[in-house]
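Asker: There's a structure below that I have some questions on.
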Amino acid sequence: MTSVNTDPVDLLMTALRLAIATGYAGLVSTITLQDILLGTPQIVRSEADLGIIDPEYVNIVAHGHVPLVGTAVLQASQTAEMQRLARSAGAKGIRVIGSMCTGQELMQRSSHSAAGFAGQTGNWINQEFMVATGAIDLVMMDLNCSTPGLKAMADRFHTRLVCVDRMVRMAGVEDVVDFDPAMIDEQARELVEMGIEAFQRRGARIHIPDGRQDVVAGFSMESIAGALGGSLRPLIKAVADGLIKGIVAVVGCTNNRNGHDTAVVPLVKELIARDILVVNAGCVSSAL
């Protein structure tokens with residue numbers, strides 16, 4: 001491209017336009033399809049952090065970025081048959097827990113699927129920590145961002161890792177249940193049964209931190225308009241009147257260099273202090 005366009009400013013602006021167009025097209029199509037399949041997000045109250053894990057239940061973690069398998073497992077886990085199997089194994093029941101973007105999607109769409117969603121453990125940086133609690137029985141890896149360290153940690157405990165999308169393969173992980181729309185009901189039951197089986201192999205090393213935070217999620221265009229009386233005009237008026245100085249979207253991923261979003265969290269706090277409304281997505285949501 002540099003042999004065609006040698007104006008650096010115009011070249012950068014062209015790249016920016018392409019990036020926005022690609023991101024917009026991909027996100028809009030994905031969100032539209034998920035709204036059709038799983039229901040439009042609704043404002044819900046939930047909880048986040050490792051303290052939401054209850055050792056008396058079979059704990060199945062939906063981990064990744066695509067909530068299709070997680071939704072099916074959430075529905076299957078709450079059937080009388082699966083609950084009965086869990087109790088016969090010595091558990092009080094079954095809980096599906098979120099991790100990364102899949103968990104956030106389940107949280108805001110769980111009112112459309114089933115009860116039993118326990119909340120969000122966290123984001124990319126704490127996936128090994130959730131296994132280290134000793135109370136996670138099954139982790140479903142549905143797309144990217146499952147670290148090799150997750151397998152190393154699971155080997156020290158009883159946790160069973162399962163690849164549930166053809167995009168994900170991890171060395172040493174033999175359990176594979178690739179998402180098949182025609183077979184998803186059977187696959188969901190199989191995954192729940194795998195979680196119950198793992199629960200029975202738990203060791204005595206269980207340590208769950210106390211931390212847990214209240215969360216409000218599910219801010220779709222429809223839910224925001226509904227909360228404002230059916231129209232976005234009150235929000236627009238608040239901006240026009242200067243009560244809200246602006247609206248900023250903050251989307252971020254955790255990494256080893258920045259720790260638990262140490263660069264983004266202070267930024268968001270500063271924006272809020274300046275009366276700027278912040279809409280967040282991605283791994284940074286769990287940190288915030």
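Asker: Which residue pairs have Cβ atoms under 9 Å apart, sit 6 or more places apart or on different chains, and have a first residue in segment 177-192 that is aromatic (Phe, Trp, Tyr) and a second that is part of a helix (DSSP H, G or I)?
Answerer: 179/68; 179/69; 179/72; 179/187
Asker: Out of everything in segment 181-208 that is assigned to a helix (DSSP H, G or I) and in contact with a Lys or Arg (Cβ under 9 Å, 6 or more places away or on another chain), what residue ends up being surrounded by the fewest Cβ atoms within 10 Å (Cβ to Cβ)?
Answerer: 197
Asker: Quick one: which residue in 56, 47 is exposed (fewer than 14 other Cβ atoms within 10 Å of the Cβ) and in contact (Cβ under 8 Å) with a residue 12 or more places away in the chain?
Answerer: Going through 56, 47 in turn, just one is exposed (fewer than 14 other Cβ atoms within 10 Å of the Cβ) and in contact (Cβ under 8 Å) with a residue 12 or more places away in the chain: 56.
Asker: On to the next question. For segment 99-110, indicate whether the set of residues that are surrounded by fewer than 24 Cβ atoms within 10 Å (Cβ to Cβ) and outside any helix (DSSP H, G or I) is non-empty.
Answerer: Taking every residue of segment 99-110 in turn, none turns out to be surrounded by fewer than 24 Cβ atoms within 10 Å (Cβ to Cβ) and outside any helix (DSSP H, G or I).
Asker: Restricting the search to segment 256-266, which residues are surrounded by fewer than 16 Cβ atoms within 10 Å (Cβ to Cβ) and of a type in the set (A, V, I, L, M, F, W, C)?
Answerer: 263
Asker: What number of residues within segment 172-187 are closer than 15 Å to residue 141 by Cα and among the hydrophobic types (A, V, I, L, M, F, W, C)?
Answerer: Of the residues in segment 172-187, 4 are closer than 15 Å to residue 141 by Cα and among the hydrophobic types (A, V, I, L, M, F, W, C).
Asker: Also, I was wondering about something else. Residues 230, 242: which one is outside the structural domain of residue 51 (by TED's automatic domain parsing), closer than 28 Å to residue 269 by Cβ and either of a type outside the set (D, E, K, R) or part of a helix (DSSP H, G or I) (or both)?
Answerer: Exactly one residue qualifies, and that residue is 242.
Residues are listed down the side, and each one gets a yes or a no for (1) without any contact (Cβ under 8 Å) to a residue 24 or more places away in the chain; (2) over 24 Å from residue 189 (Cβ atoms); (3) surrounded by 15 or more Cβ atoms within 10 Å (Cβ to Cβ):
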position: 4; (1), (2), (3): yes, yes, no
position: 28; (1), (2), (3): yes, yes, no
position: 34; (1), (2), (3): no, no, yes
position: 40; (1), (2), (3): no, yes, yes
position: 69; (1), (2), (3): no, no, yes
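Asker: Residue 178 is checked against (1) over 19 Å from residue 79 (Cβ atoms); (2) buried (at least 20 other Cβ atoms within 10 Å of the Cβ) and fails just one. What number does that condition carry?
Answerer: It fails just one condition, (2).
Asker: Inspect all residues belonging to segment 72-86 and state whether any of them is among the polar types (S, T, N, Q), touching a Leu at 6+ places or on another chain (Cβ under 8 Å) and assigned by TED's automatic domain parsing to the domain that holds residue 157.
Answerer: No, segment 72-86 contains no residue that is among the polar types (S, T, N, Q), touching a Leu at 6+ places or on another chain (Cβ under 8 Å) and assigned by TED's automatic domain parsing to the domain that holds residue 157.
The values are calculated or read from the model by the stated rules, or taken from the named source; none is laboratory data. Here the structure is a predicted model, which means the values were calculated and not measured. Cβ atoms come from the backbone with ideal geometry, glycine included; neighbour counts cover every protein chain shown.
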